[in-house]
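Structure first, then comments.
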Amino acid sequence: MNIDSIVNGVVIDHISAGKAMKLYELLGLEKLDCSVAIIKNVHSNRMGKKDIIKIDADVPVDFDLIGYVDPDCTINIIKNEKLIEKKTISLPEELHNVIFCKNPRCITSVERGLEHVFKLTDKKNKIYRCIYCETKAEQVL
Amino acid sequence: MRHLIDILDLSKEEIDELCETATDIINDPDKYNEVCKHKILATLFFEPSTRTRLSFESAMLSLGGEVLGFSEAQSSSAAKGESVADTVRTVSCYSDIIAMRHPKEGAPFVASRVAEVPIINAGDGGHNHPTQTLTDLLTIHREKGRFDDLTIGVCGDLKFGRTVHSLIAAMSRYKNIKFVLISPDELKLPSYVKKDIMQKNGMEYYETRDLLEKMGELDILYMTRVQRERFFNEEDYLRLKDSYILTLDKLETAKKDLTIMHPLPRVNEIATEVDTDPRARYFAQVRNGRYIRMALILKLLKEAENEH
């Protein structure tokens, strides 16, 4: 299977197999004008199977969101067909407007213009809590 | 700017300092009756709570200060749709310190991020109520003279009862504290409190449905009300509200120096016959609420002044 190489753009690599579609949705990539390739179940020596997303344009991507969904991803920035930067992702300490508090008793449910902020309170179990009401975030995946 | 949003915002040393100031106020109230002259406390109560509001107002008036505010959202600009942040920015211009109660969890924290004066959380829904916990701590301090080596029974609504969760969090910093958790199955202490606070801090606890089972071991018995407003379903409330009623009979096996506490108001979980037992300290606890709030207002105002 051939996917054209990218001139300028972003490659999200080492996505855990099965998570690419969710990441595609959460990053809002369907709104982009450029070509976006989702490659699923690619053979990987390290992971067995992995997914890859290739974005054929130099667009900003939300590293916090990617780190929250899949902290083992790597992000490659391509310029003039060359890899100019390879970023490893980790679980972000804070998430701003990435996930939203679902507690109906939380102030975020009524206060206008209030950012939804979650803090990583348990790294091992990947638990985030709302900074206002301390409600645990539901797992995205 | 220093605020009090969560009881754990205060260090153990600061809690000791507040208890010492409160004790000094109790011993020599005249010394303090003008220390907040020309200072204004705003009480912003977006939901009614007569007891807490009056205790704050009484505290400020006893310090020689003035009070202003509202006692329900309908009489504030919140009824016109104003945000918490805007209300607090405005009231910051009219007052030196704000005590705020709000039905939404985290509202006082939002206030603290925009306020130009200290914010005291006077209760945010079922979340935090740190001045109630300070009241409880002062009562323990005065009745027992220590915060270590205590067996504390907490009885009633342990699921929704924020005072219990905050008390457990506050006591988790002291040595050799054992909790006896007495509740019906439906109102048991949430597992996250057991896991994140009790197990994490190596606290010993024992769960039982029987109020009498460990009565003889308790140094403190903390009774709570089964709160109607925390239920979504009236049937569940009616079925559970009378689960645990403390009577003089039930105190037969209790220690002579047991301290019976209750955040009040009570419905019928403590029979009125218990009120005259010297171990019943819940009205002394109410009085302590005024003194510890006086100490807190003084501390936060002093720190705010030093910042300027």
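Points worth noting:
- Percent of beta bridges antiparallel (DSSP, the protein assembly as shown, rounded to nearest 5): 45 percent
- Pairwise burial A:B, computed as accessible area of each alone minus the pair, summed, 1.4 Å, Å²: 1400 Å²
- Taking every alpha-carbon pair in the stretch A:9-88 and binning the separations at 5 Å intervals from zero gives 3, 16, 29, 27, 19, 6, 0 percent.
- Treating r as the C-beta distance of B:R173 and A:K126 and R0 as 22 Å, the FRET efficiency rounds to 0.20.
- With DNA, RNA and ligands ignored, accessible area of A:D58 (1.4 Å probe; Å², nearest 10): 90 Å²
- Cα centroid of the stretch A:24-65 to Cα centroid of the stretch B:85-164, whole Å: 46 Å
- For the protein assembly as shown, pairs of C-alpha atoms spaced more than 28 angstrom apart make up 59 percent of the total.
- About its Cα centre, chain B has a charge dipole of approximately 160 debye under the convention of +1 per Lys or Arg Cβ and -1 per Asp or Glu Cβ, with nothing else charged.
- Accessible surface area normalised per residue over the stretch A:9-88 is 53 Å², counting heavy atoms of protein chains with a 1.4 Å rolling probe.
- Fraction of accessible area attributable to carbon and sulfur, the stretch A:1-89 (%, probe 1.4 Å): 46 percent
- Accessible surface of chain B [probe 1.4 Å, protein heavy atoms]: carbon and sulfur percent: 46 percent
- Extending 7 Å from the Cα toward the beta-carbon at both B:E303 and B:D9 defines two label points whose distance is 0.8 nm.
- Note on exposure: B:T253, B:T87, B:T247 ranked by accessible area (1.4 Å probe, complete protein assembly) read B:T253, B:T247, B:T87, with the most exposed listed first.
- Enclosing the Cα atoms of the stretch B:165-294 in their convex hull gives a volume equal to 131 cubic angstrom per residue.
- Cα centroid separation, the stretch B:240-302 to the stretch A:94-137 (Å): 35 Å
- Counted charge near B:P130, where neighbours are those whose Cβ lies closer than 9 Å (Asp, Glu -1; Lys, Arg +1): -2
- Unsatisfied cross-links (Cα-Cα over 30 Å) in the set A:K50/B:K200; A:K124/B:K178; B:K104/B:K144: A:K50/B:K200; B:K104/B:K144
- For chain B, averaging the sequence separation of C-alpha pairs within contact (under 8 Å, six or more residues apart) and dividing by the residue count gives a relative contact order of 20 percent.
- For chain A, modelled as a GNM whose springs connect Cα atoms under 10 angstrom apart, the maximal fluctuation among A:C106, A:C130, A:C73 occurs at A:C106.
- Probe 1.4 Å, accessible area per residue of the stretch B:131-277, Å²: 44 Å²
- Summing +1 for each Lys or Arg and -1 for each Asp or Glu among the other residues whose beta-carbon sits under 10 angstrom from that of B:F46 gives -1.
- Among the listed pairs A:K54/A:K123; B:K175/B:K256; B:K255/B:K299, those beyond 31 Å (Cα-Cα): B:K255/B:K299
- Here the sum of -39500 (n - 2.57) over DSSP H runs of 4 or more residues, divided by the residues of the protein assembly as shown, equals -8000 deg cm²/dmol at 222 nm, to the nearest 500.
- Length gained on full extension, B:E34 to B:K195, computed as 0.36 nm times the residue gap minus the Cα-Cα distance: 53.4 nm.
- Protein-only accessible surface order, largest first, of A:K19, B:K80, B:K188 at 1.4 Å: B:K80, B:K188, A:K19
The values are calculated or read from the model by the stated rules, or taken from the named source; none is laboratory data. What you are looking at is a predicted structure, and each value in this text was computed from that prediction instead of being measured. So basically every Cβ, Gly included, is an ideal-geometry build from the backbone, and we count neighbours across all protein chains shown. With ligands, DNA and RNA removed, areas are computed over all heavy atoms of the protein, side chains included. Shrake-Rupley method; radii C 1.70, N 1.55, O 1.52, S 1.80 Å.
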